[in-house]
1. Given the structure, is Leu218 closer than 29 Å to Thr50 by Cβ, loosely packed, with under 15 Cβ neighbours inside 10 Å, of a type outside the set (Gly, Ala, Ser) and in contact (Cβ under 8 Å) with a residue 60 or more places away in the chain?
2. Could you tell me whether any residue of segment 182-204 is closer than 30 Å to Leu88 by Cα, surrounded by 15 or more Cβ atoms within 10 Å (Cβ to Cβ) and either under 16 Å from the mean Cα position of the chain (by Cα) or of a type in the set (Phe, Trp, Tyr) (or both)?
3. Would you confirm whether any residue within segment 159-177 is within 25 Å of Asn120 (Cβ to Cβ) and either touching a Lys or Arg at 6+ places or on another chain (Cβ under 6 Å) or among the hydroxyl-bearing types (Ser, Thr, Tyr) (or both)?
4. Could you tell me how many of the residues in segment 121-159 are small (Gly, Ala, Ser) and touching a helix residue (DSSP H, G or I) at 6+ places or on another chain (Cβ under 7 Å)?
5. (1) touching a residue at least 40 places away in the same chain (Cβ under 8 Å); (2) surrounded by fewer than 13 Cβ atoms within 10 Å (Cβ to Cβ); (3) part of a helix (DSSP H, G or I): which one isn't true of Pro154, the others all being true?
6. Which of the following residues is aromatic (Phe, Trp, Tyr) and surrounded by 14 or more Cβ atoms within 10 Å (Cβ to Cβ): Trp110, Trp118?
7. So how many residues does segment 60-90 have that are farther than 26 Å from Met165 by Cα, hydroxyl-bearing (Ser, Thr, Tyr) and surrounded by 13 or more Cβ atoms within 10 Å (Cβ to Cβ)?
8. Identify the residue in segment 124-148 that is modelled with pLDDT under 85 and of a type in the set (S, T, N, Q) and, among all such residues, is surrounded by the fewest Cβ atoms within 10 Å (Cβ to Cβ).
Amino acid sequence: MTNLFSVFDPSTSIMNSSLNWTSTFIGLLMIPSVFWLMPSRYNIIWTTITSTLHKEFKTLIGPTGFYGSTFIFVSLFSVILFNNFLGLFPYVFTSSSHLTMTLTLALPLWVSFMIYGWINHTQHMFAHLVPQGTPPVLMPFMVCIETISNMIRPGTLAVRLAANMIAGHLLLTLLGNTGPSLSTSILTLLIIAQIALLTLEAAVAMIQSYVFAVLATLYSSEVN
């Protein structure tokens, strides 16, 4: 019996320290940190923001939307916000100020909405081309106008984000380039103006990511 149970004796060691208990600590490490660490304030803030966005997007999509579809738009908001804020640092390329980036986000979303809507809800999509209460005489014109406005949606999404991001950065650059040729008193005013513009740009970075995600959500709600 002694030999039988001797296999459970602490036999694995490095420098006379037993390693038999390491399995317990490895098990603790495999448990997600959420269960045994207090979340930081940044985690709490980000969780609150994403939960609020989830509730708002769920309201915009309506009861006919698919479960979990809000996570696409919350992720979209997060990606755009991250890229917008990165562009506020010096010598960092602002990817969201280029149409290559913004169209890559807007066009696949719009195309997928259109394909899904026209295949599954064809009559509903045709009904969207004529607003309710339109006189019969104006119906052909309204169909043309609604079709054009629908076709330019990804372009307006992309151009809005790119133009808003590049405008503030351009203004900051132009004002900053005049700094070396100014006197000390005017330079102080320029620095204050630059700080105010940078604060405004931070607000624009948040607002534009939110606007992009909300408009994408509204476009998706129209095809249901």
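1. Numbers: closer than 29 Å to Thr50 by Cβ: yes; loosely packed, with under 15 Cβ neighbours inside 10 Å: yes; of a type outside the set (Gly, Ala, Ser): yes; in contact (Cβ under 8 Å) with a residue 60 or more places away in the chain: yes.
Answer is yes for this residue.
2. Taking every residue of segment 182-204 in turn, at least one turns out to be closer than 30 Å to Leu88 by Cα, surrounded by 15 or more Cβ atoms within 10 Å (Cβ to Cβ) and either under 16 Å from the mean Cα position of the chain (by Cα) or of a type in the set (Phe, Trp, Tyr) (or both).
3. Narrowing segment 159-177 to residues within 25 Å of Asn120 (Cβ to Cβ): none.
Among the residues of segment 159-177, not one is within 25 Å of Asn120 (Cβ to Cβ) and either touching a Lys or Arg at 6+ places or on another chain (Cβ under 6 Å) or among the hydroxyl-bearing types (Ser, Thr, Tyr) (or both), which makes the answer no.
4. We begin by selecting, within segment 121-159, every residue small (Gly, Ala, Ser); these are 127, 133, 149, 155, 158.
Going one step further and asking which of them are touching a helix residue (DSSP H, G or I) at 6+ places or on another chain (Cβ under 7 Å), we end up with 158.
Total meeting the criteria: 1.
5. Only one criterion is unmet by Pro154, namely (2).
6. Trp110
7. Initial filter on segment 60-90 (farther than 26 Å from Met165 by Cα): 61-69.
Remaining after also requiring hydroxyl-bearing (Ser, Thr, Tyr): 64, 67, 69.
Now narrow it down to the ones that are surrounded by 13 or more Cβ atoms within 10 Å (Cβ to Cβ): 69.
Qualifying residue count for the region: 1.
8. So the residue we want is Gln132.
The values are calculated or read from the model by the stated rules, or taken from the named source; none is laboratory data. Bear in mind that the values here come from a model prediction, so they are computed numbers and not experimental data. As a convention, Cβ positions derive from the backbone with ideal geometry for all residues, glycine included, and neighbour counts pool all protein chains shown.
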